[in-house]
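Notes follow once the structure below has been shown.
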Amino acid sequence: MRDFYQKPCFNYKFIMFLFKKVADLQQYLNTKRKEGNVIGFVPTMGALHEGHLSLIRASKSQSDLTVCSIFVNPTQFNDTSDLEKYPRTIGADIDLLSSADNDILFWPLDTEVYPPGLDTNLELDFGDLATVMEGYFRPGHFDGMAQVVWRLLQIVEPHKLFMGQKDFQQLTIVRNMLQQMQSEIELIMCPIVREDNGLAMSSRNRRLSVEDRSQSTIIYQVLNEAKEKMKQEKPGEISQWAMKKISDCGYKPEYFKIVNGITLQAIDQFKDADLVVACTAVWVGEVRLIDNMILKNQK
Ligand code: AMP
């Protein structure tokens, strides 16, 4: 059976289709694909904000049909309380997606994504890409992330995949996965959308206190200062300075790494890589935030 959602408000010109079943979604998309439509895909875990909507808009401008998925993937959470606390706001998400004229929402149950008897494990080795930074502090996270992204890609079979620079390491690993799987899906990186004060938008921000929401802008300030400092200082020195500056504000940085944007390994000198990215993860109270900034891009 196919569900669809129509906002009971005549301001919306668009009808967004909501699919919960893999088979129904595939049947619909197969028809659209045969008609020659280019399908863009935006996988999310919901609790949507402007950052997610920027991906929807990018997809709408570069595809004929945009599919957004909302699925809080249990296999990528190494901490069960983090999974339980993850915000779930499907009503507001549907409103936001409708307001952005998203075409299709795929909102499956766990049993649709991981049906009993289907082996969805991926035997891929991401090497050192997955052992540093997020991979070091969240063991198993990227195996779970790759597992769900590959499964969703097999379901949706999009031509284009839109992901945010906000999760730079995730995007790098997905790019590597597409290469290893010899996939022809085009991966498009969308820039980080920030609050007015510079804080990177995140579903987790809604768990911050009002005070922390304003003070955690220090993360963005430090990233900007790191970019200034690269003219005089070495990456290692800047990383040390950044860790101290964030700690001095009362927050707990897990890492602040300046890495080669292709290999994700820390660099000794800025001349060692054409693409250089500063990546950080910071505990703001009980909320773990990640952010990054491209410091150098000489492609
Ligand atoms: P999530 O729902 O957190 O798994 O994110 C889904 C997608 O939205 C991922 O590709 C993220 O990188 C992207 N995203 C999350 N936050 C932002 C942001 N502030 N700006 C741009 N993209 C974002």
Exercise for the section: Go through 124, 152, 118, 109 for me and flag whichever is touching a helix residue (DSSP H, G or I) at 6+ places or on another chain (Cβ under 9 Å) and open to solvent by 70 Å² or more (accessible area, probe 1.4 Å). Expected result: 118
Practice task
Return the total of residues in the range 253-288 being in contact with a helix residue (DSSP H, G or I) (Cβ under 8 Å, 6 or more places away or on another chain), closer than 26 Å to residue 208 by Cβ and either open to solvent by 70 Å² or more (accessible area, probe 1.4 Å) or aromatic (Phe, Trp, Tyr) (or both).
Solution key: 4
Fill in the blank from the handout: Checked the range 265-299 for anything more than 22 Å from the chain's Cα centre (by Cα) and of a type in the set (Asp, Glu); matches are 268, 272, 274
Exercise for the section: Could you grab me the full set of residues in the range 214-252 that are open to solvent by 50 Å² or more (accessible area, probe 1.4 Å) and within 20 Å of the chain's Cα centre (by Cα)? Expected result: 220
Practice task
Identify all residues within the range 199-217 that are out of contact with any Asp or Glu (no Cβ under 9 Å at 6 or more places or on another chain) and either among the polar types (S, T, N, Q) or without any contact (Cβ under 8 Å) to a residue 40 or more places away in the chain (or both); write none if there are none.
Solution key: 203, 209, 210, 211, 214, 215, 216
Handout entry: Verdict on residue 239 being within 21 Å of residue 142 (Cα to Cα) and more than 16 Å from the ligand (Cβ to nearest atom)
Key = no
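Do the conditions hold for residue 40, that is, is it assigned to a loop (DSSP other than H, G, I, E, B), within 13 Å of the ligand (Cβ to nearest atom) and within 23 Å of residue 188 (Cβ to Cβ)? Give the derivation first.
Details: assigned to a loop (DSSP other than H, G, I, E, B): no; within 13 Å of the ligand (Cβ to nearest atom): yes; within 23 Å of residue 188 (Cβ to Cβ): yes.
Answer is no for this residue.
Any idea how many residues of the range 62-82 are closer than 23 Å to residue 153 by Cα, open to solvent by 40 Å² or more (accessible area, probe 1.4 Å) and in a helix (DSSP H, G or I)?
Quick first cut of the range 62-82, residues closer than 23 Å to residue 153 by Cα only: 62-78.
Keeping just the survivors that are open to solvent by 40 Å² or more (accessible area, probe 1.4 Å) gives 62, 64, 74-75, 78.
Cutting the leftovers down to in a helix (DSSP H, G or I) gives us 62, 74-75.
Number satisfying all stated conditions: 3.
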Completion exercise
Taking the range 156-192 and keeping only residues that are open to solvent by 40 Å² or more (accessible area, probe 1.4 Å), within 10 Å of the ligand (Cβ to nearest atom) and touching a residue at least 40 places away in the same chain (Cβ under 8 Å), one is left with 167, 191
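Is there a residue being in the same structural domain as residue 53 (by TED's automatic domain parsing) and more than 21 Å from residue 132 (Cα to Cα) anywhere in the range 229-242? Break it down into steps so the answer makes sense when it comes.
Taking the range 229-242 and keeping what is in the same structural domain as residue 53 (by TED's automatic domain parsing), we get none.
No: the range 229-242 contains no residue that is in the same structural domain as residue 53 (by TED's automatic domain parsing) and more than 21 Å from residue 132 (Cα to Cα).
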Handout entry: Subset of the range 243-267 (residues that are of a type in the set (Val, Ile, Thr) and either more than 21 Å from residue 170 (Cβ to Cβ) or not assigned by TED's automatic domain parsing to the domain that holds residue 279 (or both))
Key = 246
Fill in the blank from the handout: Reported set for the range 18-37 where residues are free of Cβ contacts under 8 Å to residues at least 24 places away in the same chain, outside any loop (DSSP other than H, G, I, E, B) and either of a type in the set (Asp, Glu) or open to solvent by less than 30 Å² (accessible area, probe 1.4 Å) (or both) is 24
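The values are calculated or read from the model by the stated rules, or taken from the named source; none is laboratory data. Keep in mind that this is a model prediction, so the values were computed, not measured. Note: ideal-geometry Cβ built from the backbone for every residue, glycine included; neighbour counts use all protein chains shown. Accessible surface is based on the protein model in full, side chains and every heavy atom, while ligands, DNA and RNA are left aside. Shrake-Rupley method; radii C 1.70, N 1.55, O 1.52, S 1.80 Å.
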